[in-house]
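Novice: I have a structure here, written as structure tokens, and I will follow up with some questions on it.
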Amino acid sequence: ISCFGVGVDAVDLDAARQRGVIVTNTPDVLNECVADLAMGLTVATLRRISLGDRFVRAGNWLKGGLPLAQKVGGKTMGILGYGRIGKAIAKRAEAFGMRIVYHGRKPQVDVTHKYYAKLVDMARDCDVLMVICPGGAATQRIVNAEVLHALGPVGTLINVARGSVVDEQALVKALADGSLGAAGLDVFESEPQVPEALLAMDQVVLQPHLGSATHATRKAMGDLTVDNLRAHFAGKPVLTPVG
């Protein structure tokens, strides 16, 4: 099974392993573009760039100015899932003057950023919660109502991972009642279906799952997907086996 993408949450890995089926994916080649979009969503959400675009197009600038937005530099970004893409996002966020903290299954020995053993504690202490962990049963709705409440009314959620990682109903409720400040979302629970309520919210920036969607990266992903198949059928080790 050669997956066109880094996520393998749609594959039953245990069943594949039991049957001797090799599973491959396309790691690394998409890190930079996903990180670019993640940082772009962060800036767009904090600085209300999409709202500003709509404001100008609607002719509302002629009637007055847009309310002030939030500064990016000086904010703390808490990264949920500090793997290869998480580290690429951190590099970009630090260039914008953001402070980085992270949460994962365990602390990483070669990382100097502060580690949080509990996601809710990190959410309470950060301004932007960046979600970039794998999907699957282990992370199903890990960003729940408690985490969103801890992030708070001036906090921002950015999700470039999987829609399954966030409790979408709790997210909509938190945004609607003001207990969460804003969100930038590239992924959704039942995409391409997006909750109707999100479409009307000015504090939300929406994208149609475009993390790796550039010409160069999609070509590199396609090449690696095919190269894994070619290696397998030539009797050679696959290039990027999963697990």
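Novice: Working only within the range 187-223, note down all residues that are closer than 24 Å to G86 by Cβ, touching a strand residue (DSSP E or B) at 6+ places or on another chain (Cβ under 7 Å) and not in a loop (DSSP other than H, G, I, E, B).
Specialist: Listed by number, the residues that qualify are V204, V205, L206.
Novice: Filter the range 47-69 down to residues that are surrounded by 11 or more Cβ atoms within 10 Å (Cβ to Cβ) and either within 20 Å of the chain's Cα centre (by Cα) or part of a helix (DSSP H, G or I) (or both), then give me how many there are.
Specialist: Residues in the range 47-69 being surrounded by 11 or more Cβ atoms within 10 Å (Cβ to Cβ) and either within 20 Å of the chain's Cα centre (by Cα) or part of a helix (DSSP H, G or I) (or both): 12 in total.
Novice: With the requirement that a residue be in contact with an Asp or Glu (Cβ under 7 Å, 6 or more places away or on another chain), without any contact (Cβ under 8 Å) to a residue 40 or more places away in the chain and open to solvent by 30 Å² or more (accessible area, probe 1.4 Å), what does the range 131-172 give you?
Specialist: R141, N144, A145
Novice: Checking A90 against (1) open to solvent by less than 20 Å² (accessible area, probe 1.4 Å); (2) within 29 Å of L199 (Cα to Cα); (3) touching a residue at least 24 places away in the same chain (Cβ under 8 Å); (4) in contact with a strand residue (DSSP E or B) (Cβ under 6 Å, 6 or more places away or on another chain): exactly one of these is not met. Which one?
Specialist: (3)
Novice: Then there's this: Any idea which of (1) within 23 Å of D28 (Cα to Cα); (2) not in a helix (DSSP H, G or I) is the one S179 doesn't satisfy?
Specialist: All conditions pass for S179, except number (1).
Novice: Another one. Within the range 24-54, which residues are closer than 25 Å to V11 by Cβ, free of Cβ contacts under 8 Å to residues at least 60 places away in the same chain and hydrophobic (A, V, I, L, M, F, W, C)?
Specialist: Result: A35, single match.
Novice: Then there's this: Quick one: which residue in V226, V147, V172, V154 is assigned to a loop (DSSP other than H, G, I, E, B), more than 19 Å from M39 (Cβ to Cβ), modelled with pLDDT of 95 or more and β-branched (V, I, T)?
Specialist: V154
Novice: From the list L66, L80, which residue is more than 23 Å from A123 (Cα to Cα) and at pLDDT 95 or above?
Specialist: L66
Novice: Starting from the range 55-78, keep only residues that are touching a residue at least 60 places away in the same chain (Cβ under 8 Å), then list their pairs with residues that are part of a loop (DSSP other than H, G, I, E, B) and surrounded by fewer than 16 Cβ atoms within 10 Å (Cβ to Cβ) whose Cβ atoms are within a distance under 6 Å, requiring at least 6 positions of separation or different chains.
Specialist: none
Novice: Quick one: is R84 over 20 Å from G211 (Cα atoms) and either of a type in the set (K, R) or surrounded by 19 or more Cβ atoms within 10 Å (Cβ to Cβ) (or both)?
Specialist: Taking the combined requirement at face value, the residue does not satisfy it.
Novice: Between L229, L199, which is at negative phi, of a type outside the set (D, E) and under 21 Å from the mean Cα position of the chain (by Cα)?
Specialist: One residue alone meets the criteria, L199.
Novice: Looking for whichever is without any contact (Cβ under 8 Å) to a residue 40 or more places away in the chain, within 27 Å of D14 (Cβ to Cβ) and open to solvent by 30 Å² or more (accessible area, probe 1.4 Å) here; the options are K118, K114, K106. Which one fits?
Specialist: Going through K118, K114, K106 in turn, just one is without any contact (Cβ under 8 Å) to a residue 40 or more places away in the chain, within 27 Å of D14 (Cβ to Cβ) and open to solvent by 30 Å² or more (accessible area, probe 1.4 Å): K106.
The values are calculated or read from the model by the stated rules, or taken from the named source; none is laboratory data. Owing to the predicted nature of the structure, the values given are computational and were not obtained by experimental measurement. Because the Cβ atoms are built from the backbone with ideal geometry, glycine has one as well, and the counts that use them run over all protein chains shown. When the accessible area is computed, the model is the full protein with side chains, heavy atoms only, and any ligands, DNA or RNA have been set aside. Shrake-Rupley method; radii C 1.70, N 1.55, O 1.52, S 1.80 Å.
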